[in-house]
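Take a look at the structure set out below.
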Amino acid sequence: MGEMPNLLRFLSELADPANSDRLRQFYDDPQATMEQAGLSPAEQTIILSGNLELLRDALDRASIEAGYTGESSVGIVTPYTPPAPQRIIGTF
């Protein structure tokens, strides 16, 4: 099991409601906050671009390179799979 990539860790910290100071810090000075987190210039550019496709690709690439399997200290992170639609059978 590899470690969580820096980019994923950074975005997780920003999204964590218990860590609102980190998000405020990012709003105040995004460049300094990303540098402090150790993000590469390429990762910083992707975040600032707002392009979700580029971000998703970067996260996938970083996870593969790090050998990250989705396991964390709180357990295994699994993607959400919506339930299959149910077919309603009856007379109308």
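Determine, from the Cβ-Cβ distance of R56 and N19 and an R0 of 25 Å, the FRET efficiency 1/(1 + (r/R0)^6), rounded to the nearest 0.05.
Values: r = 22 Å, r/R0 = 0.90.
So the FRET efficiency works out to roughly 0.65.
I'd like the per residue volume of the convex hull spanned by the Cα atoms of region 6-72, given in cubic angstrom.
Working: hull volume 6.1 nm³, N = 67.
Once divided by residue count, the hull of region 6-72 is 91 Å³.
Every read-out reported here was derived from the displayed coordinates using simple, explicitly stated rules and does not represent laboratory data. Model, not experiment: these values are computed from the prediction. For neighbour counting, all protein chains shown are included, and Cβ atoms are generated from backbone atoms with ideal geometry for every residue, glycine included.
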